[in-house]
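Quick one: structure below, then a few questions.
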Amino acid sequence: MFRNLFFAALVAALCAGLATSAFQAWRVTPLIFAAEAYEGGDAEAHEHGEAADDSVAANEAHAHDDDEWAPQDGVERTLYTIAANLLMAAGYALIIGAVSVLFNLPITFANGLYWGVAGFAAFSLAPALGLPPGMPGMPVADTLARQVWWFGAALSTGAAFLLVAKVRAPWALAVALALVLLPQLIAAPIAPTDPSDVPPRLTAEFVAAVLYNSALFWVVLGLAFGRINDYLAARPATIAHGVKA
């Protein structure tokens, strides 16, 4: 069973990782490039700033950035992006596979869409309500604070879906609703109010594209996971029927 689950998780991760990479290349990456162009313009302004101290600080920052490795734009960056998406997909697939085993909630093609919606709500939508996806060049809050709040929002929302799936009672719905609202009642870390050259319209388009991409990722992951699980579950019965015949 664990071998089949692991295999199904990897195949589902491959499907979801490739799907999200294609959407990202089509819709998300161009927006990132556009934001990086604004970020580069801001860096140039700092480099040629009027104040000498600001110019020195900017030059030191640029020198530090130049020492950091980054994939080259083009094929190299695309390949690294696909690899990162596949690893992310494998991690999420193994997580929902573990949840399926621990709570005795099978993943099938019939309920794969529900798994996808739950994953999207827990890991993308709920955290995005307090911490929307940020573009390059945008100010962000403290990393540790953001990670703690994101984990709490994902865990609380995921627990709400598990409760509704396992307990068929009115009180379970009330508790689940409270779990969904709880992280939103706790203030998410606030980003600094530093000015940014990135236009608000571009930021809004980026947030929408990322959420669409995430929804696609989770729907494909849930449906592919369920389809492979159904196939692997039906194989022994098919083989046994053939031997008996």
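Find how much the distance from residue 166 to residue 235 grows on full extension, using 0.36 nm per residue of separation minus their present alpha carbon separation; answer in nm with one decimal.
Answer, rounded to one decimal: 22.0 nm.
Sort the following peptides by mean Cβ neighbour count (other Cβ atoms within 10 Å, averaged over residues), highest first: 113-119, 201-207.
Taking the mean over residues of other Cβ atoms within 10 Å, the ranking is 113-119, 201-207.
Quick check: pseudo-label points 7 Å beyond the Cα along Cα→Cβ at residue 113 and residue 197, how many nm apart are they?
Rounded to a tenth, the inter-label distance reads 4.6 nm.
Since every read-out is calculated from the coordinates, none of them should be taken as a lab result. The shown structure was predicted, so the numbers you read here are calculated from the model rather than taken from an experiment. Cβ atoms come from the backbone with ideal geometry, glycine included; neighbour counts cover every protein chain shown.
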